[in-house]
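Working notes, structure below.
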């Protein structure tokens with residue numbers, strides 16, 4: 001994507017987005033409601049067209065995507081709208097009729113694992129069951145690019161866990177790419193290796209998840225003798241909770257070596273740890289909100 | 001403030017109710033203007049329709065109140081719908097019935113009885129409308145138990161021309177029937193079971209705009225309706241999937257067959273052959289009834305020329321938007337055109353068949369008299385076929401742009417029908433006579449070109465799913 005912008009009435013849904021998605025990764029797309037995640041995903045597959053900028057998928061402009069390119073993309077829609085009047089079996093037969101590469105073994109295995117009742121009408125399924133079905137329809141032909149827009153929001157905890165295992169299984173295929181947008185950060189955290197964080201139509205972060213995790217450190221300083229000094233001379237402190245003998249700090253762009261050097265004269269015990277994705281996400285979004293204010 | 005008075009506020013607080021008032025007013029004005037130029041039959045019919053529409057709006061309003069859980073808990077609230085329905089209906093039909101005070105040659109107390117009889121007829125029609133509004137989507141043509149209601153309702157409307165003579169000749173029996181029906185409806189609306197049945201349920205009706213809620217409701221209904229598959233539909237599925245697989249994977253033709261399957265299959269998915277049988281039944285009724293009615297200088301049966309267009313308004317020419325199928329925008333455009341062509345040709349065959357049958361009936365059915373009215377059957381006039389070719393591209397363009405918005409489609413239908421009435425009345429100044437056959441052909445060509453441009457723009461440039 002190059003300088004992609006999209007506006008819906010007064011809302012700037014995407015604002016000059018630049019994005020490269022490389023093969024063979026699970027990309028987590030994070031953001032609050034209305035951040036532009038679904039809009040971005042729909043641009044990738046040509047359901048939406050950009051007002052400005054250029055969007056290319058598999059070498060073709062998204063407005064000119066042909067069956068050849070689209071036949072390599074699986075997509076799970078956020079609302080999970082399907083053809084309600086069909087039975088599950090009929091819908092699977094219908095969608096599979098489009099693909100030469102439909103994997104019937106995978107289909108059967110998925111139906112068993114996820115306990116999908118194929119005789120039921122799609123319209124009568126619970127939201128979780130619909131979502132499972134939508135996922136099956138998106139993965140059944142083993143796409144090279146799998147786009148999942150809030151796929152796990154309606155799944156129960158066991159199904160979510162199975163679903164994450166499934167993603168890891170899918171990604172083992174050569175050159176497969178998965179883009180997953182989700183609010184359930186703890187789930188995405190388990191599988192993603194690249195992070196995109198969006199806010200108000202802009203990408204705040206586009207980096208590998210490992211880099212992102214290394215960027216932030218949670219540091220606990222416990223004094224071994226007496227109180228901690230009133231001023232702790234650390235840079236890039238994002239958050240600090242301090243009592244007389246203990247301080248818990250969140251620091252950015254600071255390695256453990258640098259920390260050790262700075263606490264050398266303090267006579268205290270240092271414990272460091274990585275922040276969970278949820279906290280990292282909050283920090284990044286709040287930082288951006290602070291800048292905008 | 002009493003509960004009833006609080007409920008009466010719905011009449012102006014419910015925003016969509018204003019639309020209904022506008023619709024009633026517009027239709028009545030056009031119909032009255034149009035009808036008074038030629039016959040009183042249509043005028044009576046239009047007044048009857050006005051009562052029915054008012055009843056529908058009020059019935060839907062009360063259903064809306066009953067479905068709210070808080071109204072179930074409020075003391076005395078469960079009885080309010082019937083008070084509300086009868087209060088509004090009583091006033092509306094009495095005001096309309098007062099017109100009989102001016103009827104020439106009626107002395108006192110006969111005129112009083114006639115007014116009460118007219119009030120009874122008015123309230124019966126109003127209650128029919130209220131029943132439709134109240135029941136909303138629970139009314140099913142496929143439910144045999146509901147057929148007596150539909151038959152009585154349609155018969156009452158069709159035979160509305162006998163109303164004046166009947167209420168003047170037999171006011172007391174008419175009043176008796178009216179009272180009996182009022183008592184029955186009063187009991188039905190007042191039962192606690194209605195409150196229990198409706199409370200907390202989403203029952204989309206005539207005042208609902210929320211598409212998401214409507215879809216949830218449809219899903220729930222589908223759960224009830226679709227317990228078993230039909231063999232007929234299985235054959236349809238096999239046919240379409242077979243055709244799809246005859247073509248190369250990722251080929252446009254495969255997509256087109258898939259689209260045809262989705263577009264037509266759903267009509268048979270739930271009830272198998274029933275929709276076909278119901279449609280045939282309705283066609284027979286329409287052929288028989290409409291051929292006997294007149295609208296200005298035109299036989300009402302000619303309205304069948306615009307029926308396919310009205311049907312197309314509610315269709316989605318690009319189904320399966322939310323499932324990512326291996327089809328690009330260009331393929332979707334081609335698929336849409338194929339669907340449009342197939343709809344147009346199928347409807348044309350239907351229209352020609354109806355025209356043929358009605359022409360045969362016109363020659364075969366003798367003229368007859370009933371209660372002072374003489375009836376002669378008129379078939380469809382093939383010279384109006386151009387109206388079909390004008391309406392179809394407009395309806396197709398509407399379907400492409402609006403995409404199955406129930407509300408907007410309803411609006412369109414509401415304005416198209418009076419338009420047709422005016423066409424009937426102004427028949428001596430129809431488009432053909434005003435701009436000539438060549439002009440009509442040019443307008444027709446423009447309409448079709450317009451459809452091509454609109455559908456191409458929607459397929460190639462617009463967002464394919466809603467935001």
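The values are calculated or read from the model by the stated rules, or taken from the named source; none is laboratory data. Note that the structure is a prediction, hence the values are computed from the model and not measured. For neighbour counting, all protein chains shown are included, and Cβ atoms are generated from backbone atoms with ideal geometry for every residue, glycine included.
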Which one is nearest to residue B:453 (Cα to Cα) among residues in the range B:295-343 that are without any contact (Cβ under 8 Å) to a residue 60 or more places away in the chain and over 21 Å from the mean Cα position of the chain (by Cα)?
B:341
Kindly indicate the residue of the range B:353-371 that is under 23 Å from the mean Cα position of the chain (by Cα) and in contact (Cβ under 8 Å) with a residue 12 or more places away in the chain and also surrounded by the most Cβ atoms within 10 Å (Cβ to Cβ) among those meeting that condition.
B:358
For the range A:39-78, which residues satisfy the criterion of being touching a helix residue (DSSP H, G or I) at 6+ places or on another chain (Cβ under 9 Å) and closer than 17 Å to residue B:462 by Cβ?
A:43, A:45, A:46, A:47, A:48, A:49, A:50, A:55, A:62, A:63, A:64, A:65
Can we say residue A:222 is surrounded by 15 or more Cβ atoms within 10 Å (Cβ to Cβ) and not in a loop (DSSP other than H, G, I, E, B)?
no
Those residues of the range A:84-98 which are within 27 Å of the chain's Cα centre (by Cα) and within 7 Å of chain B (Cβ to nearest Cβ), in sequence order
A:95
I need a count of the residues in the range A:104-127 that are within 12 Å of chain B (Cβ to nearest Cβ) and part of a loop (DSSP other than H, G, I, E, B).
5
Across the range A:257-277, the tally of residues that are in a helix (DSSP H, G or I) and either out of contact with any helix residue (DSSP H, G or I) (no Cβ under 7 Å at 6 or more places or on another chain) or loosely packed, with under 13 Cβ neighbours inside 10 Å (or both) stands at 6
Pick out the one residue from A:176, A:160, A:202 that is at pLDDT 85 or above and within 18 Å of residue A:37 (Cα to Cα).
A:202
Matching option when the condition is in a strand (DSSP E or B), surrounded by 15 or more Cβ atoms within 10 Å (Cβ to Cβ) and within 15 Å of the chain's Cα centre (by Cα), among A:14, A:30, A:41, A:19:
A:30
Assuming residue B:279 fulfils every condition listed in (1) in a loop (DSSP other than H, G, I, E, B); (2) at pLDDT below 80; (3) more than 14 Å from chain A (Cβ to nearest Cβ) apart from one, which condition is it?
(1)
For the range A:134-154, name all the residues that are surrounded by fewer than 22 Cβ atoms within 10 Å (Cβ to Cβ), away from every other protein chain (no Cβ under 12 Å) and in contact with a helix residue (DSSP H, G or I) (Cβ under 6 Å, 6 or more places away or on another chain).
A:154
What are the pairs, 6+ residues apart or on separate chains, where a residue within the range B:232-244 that is in contact (Cβ under 8 Å) with a residue 40 or more places away in the chain has its Cβ under 8 Å from a residue that is part of a helix (DSSP H, G or I) and surrounded by 14 or more Cβ atoms within 10 Å (Cβ to Cβ)?
B:232/B:268
Please determine whether any residue of the range B:312-319 is in a helix (DSSP H, G or I), at pLDDT 90 or above and buried (at least 18 other Cβ atoms within 10 Å of the Cβ).
no
